[in-house]
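Taking it in order: structure first as structure tokens, then the write-up.
The values are calculated or read from the model by the stated rules, or taken from the named source; none is laboratory data. What you see is a predicted model; the values in this text were computed from it and never measured. Positions of Cβ are backbone-derived with ideal geometry, glycine not excepted, and every protein chain shown enters the neighbour counts.
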Amino acid sequence: MPLKKLLMTLAVTAGIAASATSAAKELRLGLIVPGAHEWSKAAVAMGEDLKEKSQGKYTVTVFPAGQLGNEAQMLQQLQTGALDMAFMTVAEITNRVPDFGAIFAPYLVRDVRESGLLLNGPTAQKMLERLPREIGAVGVGYGAASMRLMLNAFPTNDVSDIKGRKMRITPFPPLRDFYRLLGAASTPMPVTDVYDSLANGQVDGIDADMELVWRMKFYERGQTLLYSSHVMFPVIGLVSARVWQQLPPADRELLAETAKHHLNGLFDSYMMVEKEMAQNIQGTKVDVKIVGPEFFGDVLDEWEKIWLERTPVLAELRKEAAALRK
Ligand code: BEZ
């Protein structure tokens, strides 16, 4: 090949390589949960899947354990476009869009499987449409953690035993109301501080889930595990609306589909993880008490009354949940 032609060929090839590299996009995804948590595993699996399906155009770098800040800070970063994606608790969203609080109605669903059906139903899906306008991020789908329960450092035989106790909660209105109605002094606290706080008596009990109790070894500090499954605890996949606007429509679809697939996979995995962890806990010194709505008595009606006045979404979700059981 003549030298001039060879140089031109090399230049063209280098140009193609350079434009492919510049078109490639790294998506940074933040979470507050540790790397070993099921949500982080789902985020990593989503990234691998997206890279393959986009033939390397998109890669995802996962930042677990609050490396990029707490959820309120990550939400701000999504708004400015400083962060591309997050897998975030729906609890944090309720602090900005109070209607999401209806999702945390006690005994709205019986288990994680039902939560998957309800969150993929019309009301919860329609709520996703509000997010770009109200929080500056696009909601691409829901997943879940295992159902909420209490791990208490005191014997818990009756609902009155919770009265006056200092209970760790994730700070957001529906749960705060629940514990207020139970007569407890709710103590807002991130998951990372729970172990020591239970150990040193800063709190008497915690609102948590089976995965946290087992994998973060909280059970070592508890006496009674009230296996109440009182509330679901979903996660939502968010993409910065600013970043979203810059993506071609086909890429948006690919990203949304891939994220939703891996988030929805959590509904299946937690049905197994929760069972497995519950069996593990049975082998410890912790007294496991399985209780249902009857344990909480009038508190549930009082909660319902407050929240039916607060948002029309609750009645819609209750109707859909009832239809799932027919
Ligand atoms: C919690 O605050 O209890 C929590 C946060 C993230 C995932 C699961 C639980």
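Below is a table of values for the structure above.
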read-out: Every pair of residues 6+ apart whose Cβ atoms lie under 7 Å, when the first sits in region 129-150 and is within 20 Å of residue 76 (Cα to Cα) and without any contact (Cβ under 8 Å) to a residue 40 or more places away in the chain while the second is surrounded by fewer than 21 Cβ atoms within 10 Å (Cβ to Cβ) and charged (D, E, K, R); value: 134/96
read-out: 3 or more residues within 12 Å of the ligand (Cβ to nearest atom) and in contact with a strand residue (DSSP E or B) (Cβ under 9 Å, 6 or more places away or on another chain): qualifying helices (runs of 4 or more DSSP H) within region 100-215; value: 210-215
read-out: Selection status of residue 24, at pLDDT below 95, more than 16 Å from the ligand (Cβ to nearest atom) and either among the aromatic types (Phe, Trp, Tyr) or surrounded by 13 or more Cβ atoms within 10 Å (Cβ to Cβ) (or both); value: yes
read-out: Unmet requirement for residue 209, which otherwise passes all of (1) surrounded by fewer than 20 Cβ atoms within 10 Å (Cβ to Cβ); (2) modelled with pLDDT of 95 or more; value: (1)
read-out: All positions within region 27-41 that are more than 12 Å from the ligand (Cβ to nearest atom) and in contact (Cβ under 8 Å) with a residue 12 or more places away in the chain; value: 27, 28, 29, 30, 35, 36
read-out: Residue 83 vs. criteria in contact with a Ser or Thr (Cβ under 9 Å, 6 or more places away or on another chain) and in a loop (DSSP other than H, G, I, E, B); value: yes
read-out: Whichever residue in region 286-311 is part of a loop (DSSP other than H, G, I, E, B) and touching a residue at least 12 places away in the same chain (Cβ under 8 Å) and, among such residues, is nearest to residue 152 (Cα to Cα); value: 286
